[in-house]
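Student: Quick one: this structure, given as structure tokens, is what I'll be asking you about.
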Amino acid sequence: MLVINSNFYQIILDQATNLKLIFKLVACAILIFCQAVSAKTYMTQEQFLSKLKKDAYKEYQLNTKVISKTLWLNKTIQLEIKSILDHSYPKLRIRYKRIEDQSQILEPITVWFLEEIGKERAISFAIAIKSSQVVTIQVLEFRESRGGEISIPTFAKQFKKLSLNSNGNLNRTIDGITGATMSVHAMKKITRMALMLHKHVTITNS
């Protein structure tokens with residue numbers, strides 16, 4: 001009768017455990033790689049600010065400056081964000097930019113870099129607000145497998161000069177995109193959120 005030493009079984013078990021660990025590490029690496037590959041960057045925050053500075057006041061030929069600001073999210077703001085996004089916001093503050101002409105003749109622009117989930121993954125947006133209206137909105141980074149059409153400039157132009165009505169909703173209807181319903185919805189929510197945040201910092205600074 002063949003007798004196998006118990007140490008042999010232990011060696012086999014150890015090897016099997018090591019193989020499982022290796023497979024898990026490889027699977028995680030593949031997942032991270034796939035997510036990185038699928039993410040498409042359209043513009044960086046710095047590029048957005050640079051373009052906005054050039055375009056915002058070009059007709060007036062004024063010198064502009066960008067100021068970094070912070071909005072602390074009190075209970076009232078948190079509740080408003082939750083009513084817009086349908087979920088709580090995970091941060092206590094939001095950093096934003098304020099662009100103004102150095103002579104302070106014209107009303108400043110606030111710039112918000114915000115993210116919202118489309119269908120499964122976060123979409124990064126930059127949105128500029130002036131006089132409680134959208135100046136421009138840009139998809140910075142798109143990570144979903146579908147719905148990237150929201151980054152097309154002609155679609156984003158629909159958001160120009162949007163504002164909030166008395167109910168806190170957008171004052172105009174935005175045409176949807178077939179196959180990009182969740183991405184469009186995320187873009188509309190971020191627009192509402194940025195307009196609401198602009199209102200709060202405008203009240204604070206007035």
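The values are calculated or read from the model by the stated rules, or taken from the named source; none is laboratory data. The shown structure was predicted, so the numbers you read here are calculated from the model rather than taken from an experiment. Quick reminder, even Gly has a Cβ in these numbers, built from the backbone with ideal geometry, and neighbours come from all protein chains shown.
Student: Which of the residues spanning the stretch 86-101 are of a type outside the set (A, V, I, L, M) and touching a strand residue (DSSP E or B) at 6+ places or on another chain (Cβ under 6 Å)?
Tutor: Arg93, Arg95, Tyr96, Lys97, Arg98, Asp101
Student: Could you go through the stretch 120-139 and let me know if any residue there is acidic (Asp, Glu), in the same structural domain as Met187 (by TED's automatic domain parsing) and farther than 21 Å from Asp86 by Cα.
Tutor: no
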